[in-house]
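I have placed the structure first, in the form of structure tokens, so that the comments after it can refer back to it.
The values are calculated or read from the model by the stated rules, or taken from the named source; none is laboratory data. Quantities reported herein were computed from a predicted structural model and do not represent experimental measurements. With ideal geometry, Cβ positions are generated from the backbone for all residues, glycine too; neighbour counts draw on all protein chains shown.
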Amino acid sequence: MSEYKPEWVKKLETLGEDLEKKYGSSRSDSNDKESECHTDNCEEVRKPEWRKYGNPPGDLFGQLISYLVITYVPAYFPDFFQTGWSAVYPVLLYVILIHVVVDFIQILIKARPIYYLGQVITNIASVVSMVVIVTIFPFNFPGNVDIIVQFGLWIAIAVVSIVSFFEFFKIFGLDSQ
């Protein structure tokens, strides 16, 4: 004698079975994983394939927007940008140029070491530009906002420097493609 199940219960059970077939059971223990790995392709199953998470064409578009902002916004807000902006502007242009060159190289060469080398180069260029900005500080913020922004820039410099350090070691990773 079968139990009566409403239609929505049947749909949920079917959905659960489909998800379990597609993604596997979440209740499997380590013994099940060991039993699955008795074939010659065991290393291929465990080793994830490297994928590039960046989007060079999108980054190129972002660099174009950055160029337009740093070139045309100061003319509309002359009181906000101080005289030090003329020293910061060329540094920012060089950073944008470095980003563009790295993105074009990453479009042409899709290899793991090239990707991480490009990330390290662009991060170092970004750190240099942030150091120039924080030392010259060509902005006119009201009140104590100057101190907060400078502190935030020093934190950003530290974080990007640490990220660059670890990305440098990813260049020499084992699973390059």
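Observations on the structure shown:
- Among residues that are in a helix (DSSP H, G or I) and in contact with a strand residue (DSSP E or B) (Cβ under 9 Å, 6 or more places away or on another chain), Ile124 is not included.
- Subset of the stretch 130-141 [in contact (Cβ under 8 Å) with a residue 40 or more places away in the chain and surrounded by 16 or more Cβ atoms within 10 Å (Cβ to Cβ)]: Val132, Ile133, Ile136, Phe137, Pro138, Phe139
- If you go through the stretch 149-170 and keep only what is of a type in the set (Phe, Trp, Tyr), surrounded by 11 or more Cβ atoms within 10 Å (Cβ to Cβ) and without any contact (Cβ under 8 Å) to a residue 40 or more places away in the chain, you end up with Phe151, Trp154, Phe165.
- Boolean, Ile147 is out of contact with any Pro (no Cβ under 6 Å at 6 or more places or on another chain), within 22 Å of Phe61 (Cα to Cα) and not charged (D, E, K, R): no
- Of all residues making up the stretch 60-115, the number that are under 28 Å from Gly173 (Cα atoms), assigned to a helix (DSSP H, G or I) and either at pLDDT below 90 or among the hydrophobic types (A, V, I, L, M, F, W, C) (or both): 17
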